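Below is one structure; the comments refer to it alone.
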Amino acid sequence: MIRSSAYVMAFAMIMSCSTIKNANKTQKGAGIGAAGGAVIGGVIGNNVGSGNNTVLGAILGAAIGGAAGGYIGNRMDRQAERIEEEIPGAEVKRVGEGINVTFTQDAGVFFDTNKANVKGASAATLEKLADIFKEYPDSNILVEGHTDSSGAEDYNMNLSKQRAESVVTYLQTKGIAANRFTTKWYGETQPIGDNTTTAGKTKNRRVELAIVASPELKQEAIKEAGN
């Protein structure tokens, strides 16, 4: 449970500058502010998702804010547009200084029941994504695996891990460097749909990505902002 008043203040500031709303505006990267960005991002990043760094927490936790954040936001605007162009089924959200991409069974990347291997349409989608990552080599990628509630909880946790790792492995075979990736997995613990319905379970069997600035891009942004 978050007790810090800093959290309340940070959350209010983020809501006021709309950093967690969908957008394709560079200002979303700059809106946090140079002084507050790292603090706000750190507070939220460490506390979103019952103590786990979810995609939202990872993106906000990586924020640097200010003019440098605006510079990064401009890069992310263009990368998000490319993903939307090439993979229309994916749910693409611009958040702060990063991008959240959600793939479900209906949106580009899915797996057979109780399987974690990438194949067919999923492979084609990830190949397009790899091409975009090559165009933007100064971004890093968090890959999260999730499942529905069918089956035992510990089984689902392991399955979500295998699926996240499978996506990373496939992207690496397409030329994306291993050091750009981080993986996390949550099993059935973070549903976005109702697990009592077929449609809800379909939404929950998903892979989510957080795309954030690499350390090199952050340094570049800080340098450019200082000019």
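Remarks
- Sorted peptide list for 76-85, 89-98, 214-223, 192-201, criterion being average Cβ within 10 angstrom, highest first: 89-98, 76-85, 214-223, 192-201
- Projecting label points 7 angstrom from Cα along Cα→Cβ for residue 162 and residue 179 puts them 3.1 nm apart.
- Taking Lys and Arg as +1 and Asp and Glu as -1, the other residues whose beta-carbon sits under 13 Å from that of residue 134 total -1.
- Residue-by-residue Karplus 3J(HN,Hα) for the stretch 115-121, coefficients 6.51, -1.76, 1.60, Hz, glycine and proline x: 10, 10, 7, 8, 7, x, 4
- Residue 150-residue 192 FRET efficiency (beta carbon distance; Förster radius 22 Å; 0.05 resolution): 0.90
- Calculated from backbone phi, Karplus (6.51, -1.76, 1.60) coupling profile of the stretch 197-206 in Hz, x at Gly/Pro: 10, 5, 4, x, 4, 4, 5, 6, 7, 9
- Computed from point charges on the beta carbon alone (+1 for Lys and Arg, -1 for Asp and Glu), the dipole magnitude for the stretch 111-173 about its Cα centre is near 180 Debye.
- Between amide H atoms placed 1.01 Å from N, distances below 5 Å from residue 95 occur with 100, all of them 5 or more places distant or on a separate chain.
Only the coordinates and a few stated rules stand behind these numbers; no lab work does. Just so we're clear, the structure is a prediction, and the values are computed from it rather than from any experiment. All Cβ positions, glycine included, derive from the backbone under ideal geometry; neighbour counts span all protein chains shown.
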